Amino acid sequence: MQTVEIPFGEWLPDVPDYKNPGCLTANNVIPSPGGYGPFLGAVAQGDSTAGTCLGAKHLFRTTGAAIVVGGTGTSLFSIVGGTLAATTGLTDIGADAYWSIAQFNAFVIAAGPNNNIKALTDIDSDTTWSDLAGSPPQAKVVARVGNFLMAANLPSLPFSFQNSALNSPTDWPTPGTADARQKSSGRGNLQFEYGEITGIAGDRYAMMFQQRAVSRIDFVGPPQVFQITPIEEARGCIAPQSIITVGFMTYFLAHDGFWATDGNQTFPIGTSKVNRWFFDNVSETDRFRTQGAIIWEKECIIWSFYPADNATGFNRQIIFSWAQNKWSTANLPVDWIVDNKVGATTLEDLDALFATLEDVTPNLDSSFWGARSRVLSAFIQDGAGNTEINLLNGTALEAEFETSDTEPKPGNRVAVKRIYPMVENADINTTAALVTREQKGGAPMTTAFAPINNAGFCPVNGSGRFVRTRTVIPAAASWDRAQGVMAAFRVTGMR
């Protein structure tokens, strides 16, 4: 028999099935060099608060300790060292709104509709949210821009912004006064025809996003204070929480797909790859909710969205690897995704997890039990009306791959008897199925999924001119990397 290698290439759902250089499905996996790795499930941490999480951010105290802050419709909270402290009784921000969170030196600041801007006055010690001093305007968006705190999308002025005094987030002089000019504070307006301000982001260059435009904002001093330079007037950000900055690049969701900007120009990252798939699968009325976070250890960005077939929450994810320039998907119902930091495990923690020291896996010498770097986390409903933080470092979710159509022997029909999964799976429980067609557009014939045997292949029995494979790695399998399959075939006669 002859063999043909079919790699799990780049996930390209927008490219036609035939001669697609990638694959048609790459679900519950994360792009990695040469293939894909597992997307890990949730492990509850016991830190919960009433309601649905409507915004969260991972920050660091001056000691290096991690702090996660966030909010629900009527509360703001902080989580440090496994202890959650919530400030309740806030005015409801509304069903279609989310908290915008920023840090300015020791201050942690949160802005949401219907509320004064709130703050923790000392990130190292304060756990009670209160009104930010200085009478800043109410706003939907808040961010640090250089040495200023910026508030934007103001009540009845959705295309306006106002900045604090220089180096003072608690000093908000009346715009246009001598005091404001002396302190480089002021208010500005963007062009209203580009819609409301949806976000502020950037590192080297600060950028302000509207629904239909992106502008760079540069400090020039009073009386103008900031100079606005449009860098994109064909598209903007339609989902405020989709804006993610990594280094000098900022990524966002526009009306025509996923884009990135360096502060000077914009770049497509989803065109002719995933944009059409995304808009076919996202709930049209809920696109604005799309929310992103960074998977630092995997060099990826993950966006959660409301799917069209189950628009009851963030039930689906799309993942982009900026290192591999590849995409994938996942299925995990969440309230909110946020990066986090794992602390060291104590002996008391181990005692609760394992009966004896001999049962501890991995062994105690492993770095797994030390304080580790950032790990993806998510707030998930606990079944009792509460949102609970979970680390996404549990067992692997069920992974699915589907390759594109290929002709093992161009112009000929083939019979395929064996599929060899190229998957590093210690549990040896990968399954595969074969899909064949006689002509493009013809009805597909699909075999049953067959488990891998001791000889290293999944026995199948199908024939046709065009061939594709489906591969499933079961949930909780101990696997590392999936690269593709090899199909063993022989040429058969024409029908």
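The values are calculated or read from the model by the stated rules, or taken from the named source; none is laboratory data. Because the structure is a prediction, the values reported are computed rather than measured. Cβ coordinates were reconstructed from backbone atoms using ideal geometry, including for glycine residues, and neighbour counts include every protein chain displayed.
Do you know which of the residues in region 234-255 that are in contact with a helix residue (DSSP H, G or I) (Cβ under 7 Å, 6 or more places away or on another chain) and part of a loop (DSSP other than H, G, I, E, B) is surrounded by the most Cβ atoms within 10 Å (Cβ to Cβ)? The extreme case among them is Gly236.
Among the residues examined, Ile294 qualifies as closer than 22 Å to Trp336 by Cα and either surrounded by 18 or more Cβ atoms within 10 Å (Cβ to Cβ) or at pLDDT 95 or above (or both). Taking the criterion of being over 18 Å from Ser215 (Cα atoms) and either aromatic (Phe, Trp, Tyr) or in contact with a helix residue (DSSP H, G or I) (Cβ under 9 Å, 6 or more places away or on another chain) (or both), the only residue of region 152-170 that qualifies is Ala165. Somewhere in region 186-193, is a residue in contact with a helix residue (DSSP H, G or I) (Cβ under 7 Å, 6 or more places away or on another chain) and either surrounded by 16 or more Cβ atoms within 10 Å (Cβ to Cβ) or of a type in the set (A, V, I, L, M, F, W, C) (or both)? Within region 186-193, one or more residues are in contact with a helix residue (DSSP H, G or I) (Cβ under 7 Å, 6 or more places away or on another chain) and either surrounded by 16 or more Cβ atoms within 10 Å (Cβ to Cβ) or of a type in the set (A, V, I, L, M, F, W, C) (or both). Cβ-Cβ contacts under 7 Å between residues 6 or more apart (or on different chains), taken from a first residue in region 65-76 that is in the same structural domain as Ala50 (by TED's automatic domain parsing) to a second residue that is among the aromatic types (Phe, Trp, Tyr) and assigned to a loop (DSSP other than H, G, I, E, B), are listed as Gly70/Trp99; Gly71/Trp99; Leu76/Trp129. Does region 324-346 contain at least one residue that is basic (Lys, Arg), within 17 Å of the chain's Cα centre (by Cα) and at pLDDT below 95? Checked against the condition, which is being basic (Lys, Arg), within 17 Å of the chain's Cα centre (by Cα) and at pLDDT below 95, region 324-346 yields at least one hit.
Within region 297-309, the set of residues being over 19 Å from Leu397 (Cα atoms) and either surrounded by fewer than 18 Cβ atoms within 10 Å (Cβ to Cβ) or touching a strand residue (DSSP E or B) at 6+ places or on another chain (Cβ under 6 Å) (or both) comprises Glu299, Ala308, Asp309. For the condition at pLDDT below 95, crowded, with 20+ Cβ neighbours inside 10 Å and not assigned by TED's automatic domain parsing to the domain that holds Ile67, Pro408 qualifies.
Listed by first and then second residue, the pairs with beta-carbon distance under 9 Å, at least 6 apart or on different chains, first residue in region 131-150 and over 15 Å from Met207 (Cβ atoms), second acidic (Asp, Glu) and surrounded by 18 or more Cβ atoms within 10 Å (Cβ to Cβ), are Ala133/Asp171; Gly134/Asp171; Lys140/Glu196.
If the condition is being crowded, with 16+ Cβ neighbours inside 10 Å, touching a Pro at 6+ places or on another chain (Cβ under 9 Å) and of a type in the set (S, T, N, Q), then region 87-119 contributes Ser100, Asn116. For Ser168, state whether it is closer than 29 Å to Ala65 by Cα and in contact with a Pro (Cβ under 9 Å, 6 or more places away or on another chain). Against the criterion (closer than 29 Å to Ala65 by Cα and in contact with a Pro (Cβ under 9 Å, 6 or more places away or on another chain)), Ser168 does not qualify. Reported count of residues in region 193-206, each being more than 20 Å from the chain's Cα centre (by Cα) and at pLDDT 95 or above, is 5.
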